[in-house]
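As structure tokens, the structure follows; a few thoughts come after it.
Each value in this text was obtained by applying a stated rule to the coordinates, not by laboratory testing. Because the structure is a prediction, the values reported are computed rather than measured. All Cβ positions, even for glycine, are placed from backbone atoms using ideal geometry, and neighbour counts span all protein chains on display.
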Amino acid sequence: MQFLKNISLKEYLTMQVDVQARKAVKVLSEADIEQLWKVYRHELQQALVIGGGSNLVITASPDQLVLLMEIQGIEVVHKEKKVLLQVAAGVTWQHFVEYCLNNNYGGVENLISIPGKVGAAPMQNIGAYGVEVKDTIQRVKVFDLTTGGFDWITNEDCHFGYRESIFKNVAKDKYIIVAVEFLLTTSDHTIKVSYGDVQKMLFERNIHEPRIQDVAAVVAAIRASKLPDPKELPNCGSFFKNPIVGVEVFTKLHARYPEIPHYSVDTEWVKIPAGWLIEKAGWKGLRKGKVGVHEKQALVIVNYDGADGNEILNFSKEIMKDIKQKFGIELEREVNFV
Ligand code: EPU
């Protein structure tokens, strides 16, 4: 492990908020965590864990210990018709997806180009283009901060939902995710191209029987066309969740805005794209000071010029207030604030 003092966390957060950590540790192995437990148990229990930093905004310099998760390694546990992989938390998500494509392992191709690290993926059950990471996760390996030992949490016990899991709510701060076990296909892949944009681009490319690599290439191209690269324009991807409203609420909105895009969740609930609401309310491309809404995707807030966490928080509050006033809908942030 590597101890660091008074370092800027800017390069560890895709929103590039420049806060100082007094004490940080680069965690390079599971043994590092056991070591920390033995010597600095209290600090470890209070620690702020940073995975890929792609879904995190920090509003003030953290006093507590910061853990920078950098454990590496992808291990084939078992391979037959399907392959079981154990992937360390510090592996970059994109690296993992590329590894799967190169080995022809199917299941995560629709999730290409998502920033962050593998350990953060189960946290909010990352999802895109008709696939959620919960569809491929078998188990999650954690360090339990109450018992001081490692444990495996099954997919079922993670209680995955839309951008939700126990790691975000009931078990918040209880565990450090150290590895994720994925079950992927090695042949006869299930190709998921239900998304209109994906279908359209495959058609344009004259691909009629797409391989997982084709799906990945198309998804990557679509994402690149509307989502800003955090290295060029600091951002956290989708800033808000797409709200799910009751059918009655939706029916009233639909009468007012017949063009409103929507997806039926079940007979009682309808999901509405937050990006549409934000664009309709006039925020798309709007900039206030150092922060703004991305011009190509209204769901993304961009840090244009070194804004601090509070400026970003306040800007998001303004948007939420306006959406509540205009549509009567409470937006919920997807991004975590500390
Ligand atoms: N829309 C607008 N204006 C906008 C953005 C979107 O009107 O500025 C409308 C579009 O016209 C479309 C609908 O909203 O009808 C949906 O847009 P899109 O397919 O781009 O997806 P999204 O709902 O904006 C979600 C995820 C993304 C994921 C895409 C593709 C959430 C919060 N976001 O976005 O995830 O890539 O679907 O599956 O569920 C992320 O979480 O960081 C992320 C990028």
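Brief remarks on what is shown
- The slack in the chain from VAL76 to ASP305, taken as 0.36 nm per residue of separation less the alpha-carbon distance, amounts to 78.1 nm.
- Per-residue ³J(HN,Hα) for region 325-333, Karplus 6.51 cos²θ - 1.76 cosθ + 1.60, θ = phi - 60°, Hz, x for Gly and Pro: 5, 6, 10, x, 10, 8, 6, 10, 6
- Per-residue Karplus couplings for region 78-86, computed as 6.51 cos²θ - 1.76 cosθ + 1.60 with θ equal to phi - 60°, are listed in order as 6, 9, 9, 5, 10, 10, 9, 10, 10 Hz, Gly and Pro entered as x.
- LEU84 sits among other residues whose Cβ lies under 14 Å from its own Cβ, and their net charge, with Lys and Arg +1 and Asp and Glu -1, is +2.
- Charge tally for TRP269 (other residues, Cβ to Cβ under 14 Å; Lys, Arg +1; Asp, Glu -1): -1.
- Taking a Cβ cut-off of under 12 Å around PHE250, the surrounding Lys, Arg, Asp and Glu residues balance to a net charge of +1, with basic ones at +1 and acidic ones at -1.
- Listed residue (PRO115, ASN55, GLN16) projecting farthest to the positive dipole end of the chain, Cβ model: GLN16
- Region 174-240 gives an Rg/Rh value of 1.08, both radii derived from C-alpha positions and Rh following Kirkwood.
- With 21 Å as the limit, the listed pairs LYS231/LYS321; LYS168/LYS241; LYS10/LYS280; LYS280/LYS326; LYS174/LYS241; LYS134/LYS192 have LYS231/LYS321; LYS10/LYS280; LYS174/LYS241 beyond it between alpha carbons.
- Nitroxide proxy distance, nm - points 7 Å out along Cα→Cβ at LYS226 and TRP152: 3.9 nm
- Region 235-337: relative contact order as a whole-number percent, Cα under 8 Å and 6+ apart: 32 percent
- Stokes-Einstein diffusion for region 74-185, with the hydrodynamic radius set to the Kirkwood value over Cα pairs and evaluated at 4 °C in a medium of 1.567 mPa s, equals 93 µm²/s.
- Reach of LYS38 by Cα under 16 Å, taken over aspartates and glutamates that are not fewer than 8 positions away in the same chain: GLU30, ASP144
- Pair THR92, LYS324: separation of 7 Å Cα→Cβ label points (nm): 3.9 nm
- When the Cα atoms of region 2-69 are aligned to their principal axes, the ranges along those axes come out at 33, 20, 17 Å in descending order.
- Sorting 6-16, 294-304, 47-57 by average packing, meaning the other beta carbons within 10 Å per residue, from highest down gives 47-57, 294-304, 6-16.
- Here the peptides 263-275, 145-157 are ranked by packing, the mean other Cβ count within 10 Å, and the order with the highest first is 263-275, 145-157.
- For GLN138, the amide hydrogen comes within under 5 Å of the amide hydrogens of GLU181, PHE182, LEU183, counting only partners 5 or more places away or on other chains and with H modelled in the peptide plane.
- Whole-angstrom Cα spans of the chain along principal axes, big to small: 61, 50, 37
- Column: log10 I(q)/I(0), Debye, Cα scatterers of region 235-337, q = 0.15 Å⁻¹: -0.59
- When only the Cβ of Lys, Arg, Asp and Glu is charged (+1, +1, -1, -1), the dipole of the chain relative to its Cα centre reaches about 680 debye.
- Working note: 222 nm ellipticity from helices only, DSSP H runs with n ≥ 4, each -39,500 (n - 2.57), summed and divided by the residues of the chain, gives -7500 deg cm²/dmol to the nearest 500.
- Over region 139-200, relative contact order from alpha-carbon pairs under 8 Å, at least 6 apart, %: 35 percent
- Distribution of pairwise C-alpha distances over region 179-316, 5 Å bins, in %: 2, 8, 14, 14, 15, 16, 16, 10, 5, 1, 0
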